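Worksheet: one structure, shown below.
The values are calculated or read from the model by the stated rules, or taken from the named source; none is laboratory data. On a predicted model such as this, the values are computed, not experimentally measured, just so you know. Because the Cβ atoms are built from the backbone with ideal geometry, glycine has one as well, and the counts that use them run over all protein chains shown. Keep in mind that these areas ignore ligands, DNA and RNA; they rest on the heavy atoms of the full protein, side chains included. Shrake-Rupley method; radii C 1.70, N 1.55, O 1.52, S 1.80 Å.
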Amino acid sequence: MTPDNPQQIKVLIVDDSRVVAEFLTQLFNSDSAIRVVGTARNGEEAVEAVQKMNPDVITMDIHMPRMNGYEATRRIMEICPTPIVIVSGSMNTDEVATNFHAIEAGALAVVPRPNGIGHPHYGAAALELLKTVKLMSEVKVVRRWHRSRFAPVQPVVPPEIRKLPGVIRVVAIGASTGGPLVLQTILSELPENFAVPVLIVQHMARGFVHGFVEWLGNSSKFPVRVATDGEQLKPGCAYVAPDDFHMGVGMGNRIVLSDAAHENGMRPSVAYLFRSVAEVYGSNAAGVLLTGMGKDGAEELKCMRDAGATTLAQDKETSVIFGMPGQAIQIDAAMYVLPPEGIARTLATIVSKS
């Protein structure tokens, strides 16, 4: 038995397959920073185990007997809030969309389960899972997010607009860890007649974007789609950057996809999108930087502001990780710092005034 090390990240694995649980146990225990403290075969066992073992992170399967992963996530967030990572064994769009419902219940991330060691993509997928578990172990705001999901939301009044912006022709949004739920909140709050296109870069594991878009579209009052190169931007439609391509804009209000080098370790990157929007639209744009680790998009949000665009950043209180918006605020890139509901109302206000 591995001796206790208080600095190791304690992980509880929840999966009804003994083979998968053993596979994940070997993977996690191969990293000296992580220690598996237990496994559970269904949601009921998971709820009991989390109270006894007090793990730092839970990896959760969705489809299990007796109590599924969605319900288990909801129960754990009520009883003993703990960072939860959904580990998905399917890339099917409908299955992935179902996984994102666990985000609504309190999970922080959805990542693919690595294939066997002999698979060509095993190494990258294993590193992605290990990285995510380590990152989620540092998130200490789970209980607050749980309350925000179930407590009545107080109306958020948009700030007084400091100046009448230029005519807004596009909204660009960047997000990373914690972003899916915030994006869902913002899009669900925007009016059905929102008169401009919305461009979104959301950092996520490869293979999930189509399921993410399906889930996001179910909450939005207007269409949400995965962007394609050369596509004409339409008012009242949201476009999400596809896997492994930067998304920008070109002349003639068209989407431009690029396989140029990663920026800030990411492709797609928020930096690429914001820089492109600043160059093409100048003051006729709004930029929004949401929760996430690192600094992707912070300097480029400042470029948008310097070009006359209206810029917003998510506040610290509602950010799962305050890295990206925090960096933007430090360099005075954001004209407004708001919670998700305030961002939505402010976007609706400035677009209607345009």
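Could you count how many residues in segment 69-86 are in contact (Cβ under 8 Å) with a residue 60 or more places away in the chain and either farther than 26 Å from Ala33 by Cα or open to solvent by less than 10 Å² (accessible area, probe 1.4 Å) (or both)?
Filtering segment 69-86 down to residues in contact (Cβ under 8 Å) with a residue 60 or more places away in the chain leaves 77-78, 81-82.
Narrowing the set further to residues that are either farther than 26 Å from Ala33 by Cα or open to solvent by less than 10 Å² (accessible area, probe 1.4 Å) (or both) leaves 77-78, 82.
Total meeting the criteria: 3.
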List every residue pair whose Cβ atoms sit under 8 Å apart, with the two residues 6 or more apart in sequence or on different chains, where the first one lies in segment 261-274 and is surrounded by fewer than 19 Cβ atoms within 10 Å (Cβ to Cβ) and the second, anywhere, is of a type in the set (Phe, Trp, Tyr).
-> Glu263/Tyr272
Could you figure out which of (1) open to solvent by 30 Å² or more (accessible area, probe 1.4 Å); (2) in contact with a helix residue (DSSP H, G or I) (Cβ under 6 Å, 6 or more places away or on another chain); (3) touching a residue at least 40 places away in the same chain (Cβ under 8 Å) isn't true of Lys353?
-> (2)
Per-region count, segment 96-112, residues within 11 Å of the chain's Cα centre (by Cα) and either at pLDDT below 90 or part of a helix (DSSP H, G or I) (or both) | 2
Condition broken by Ala313, with the remaining ones in (1) open to solvent by less than 10 Å² (accessible area, probe 1.4 Å); (2) in contact (Cβ under 8 Å) with a residue 60 or more places away in the chain satisfied | (2)
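Take Pro65 and decide whether it is at pLDDT below 95 and over 25 Å from the mean Cα position of the chain (by Cα).
So Pro65 passes the test.
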Within segment 50-68, can one find any residue that is buried (at least 21 other Cβ atoms within 10 Å of the Cβ), in a helix (DSSP H, G or I) and touching a Leu at 6+ places or on another chain (Cβ under 7 Å)?
-> yes
Of (1) open to solvent by less than 10 Å² (accessible area, probe 1.4 Å); (2) under 22 Å from the mean Cα position of the chain (by Cα), Ala40 satisfies all except one. Which?
-> (2)
Restricting attention to segment 87-107, and to residues there that are closer than 18 Å to Met136 by Cα and among the hydrophobic types (A, V, I, L, M, F, W, C), which single residue is surrounded by the most Cβ atoms within 10 Å (Cβ to Cβ)?
-> Ala107
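Does Met293 count as over 14 Å from Gly342 (Cα atoms), open to solvent by less than 20 Å² (accessible area, probe 1.4 Å) and touching a Ser or Thr at 6+ places or on another chain (Cβ under 7 Å)? Give the steps one after another, and end with the answer.
On the way: over 14 Å from Gly342 (Cα atoms): yes; open to solvent by less than 20 Å² (accessible area, probe 1.4 Å): no; touching a Ser or Thr at 6+ places or on another chain (Cβ under 7 Å): yes.
Against the criterion (over 14 Å from Gly342 (Cα atoms), open to solvent by less than 20 Å² (accessible area, probe 1.4 Å) and touching a Ser or Thr at 6+ places or on another chain (Cβ under 7 Å)), Met293 does not qualify.
Would a scan of segment 298-309 turn up a residue that is under 16 Å from the mean Cα position of the chain (by Cα), closer than 24 Å to Pro268 by Cα and not small (Gly, Ala, Ser)?
Filtering segment 298-309 for residues under 16 Å from the mean Cα position of the chain (by Cα) gives none.
Checked against the condition, which is being under 16 Å from the mean Cα position of the chain (by Cα), closer than 24 Å to Pro268 by Cα and not small (Gly, Ala, Ser), segment 298-309 yields no hits at all.
If you go through segment 2-41 one residue at a time, how many are of a type in the set (Phe, Trp, Tyr) and closer than 14 Å to Leu127 by Cα?
Narrowing segment 2-41 to residues of a type in the set (Phe, Trp, Tyr): 23, 28.
Now drop any that are not closer than 14 Å to Leu127 by Cα, which leaves 28.
Selection size over segment 2-41: 1.
For segment 1-16, which residues satisfy the criterion of being in a loop (DSSP other than H, G, I, E, B), open to solvent by 40 Å² or more (accessible area, probe 1.4 Å) and modelled with pLDDT of 95 or more?
Residues of segment 1-16 that are in a loop (DSSP other than H, G, I, E, B), as a first pass: 1-8, 15-16.
Retained after the next criterion (residues that are open to solvent by 40 Å² or more (accessible area, probe 1.4 Å)): 1-7, 16.
Listed by number, the list holds a single entry, Asp16.
For (1) among the hydrophobic types (A, V, I, L, M, F, W, C); (2) assigned to a loop (DSSP other than H, G, I, E, B); (3) closer than 18 Å to Tyr281 by Cα, each residue gets a yes or a no:
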site	(1), (2), (3)
Glu192	no, yes, no
Gly207	no, yes, no
Arg225	no, no, no
Asp229	no, yes, no
Gly252	no, yes, yes
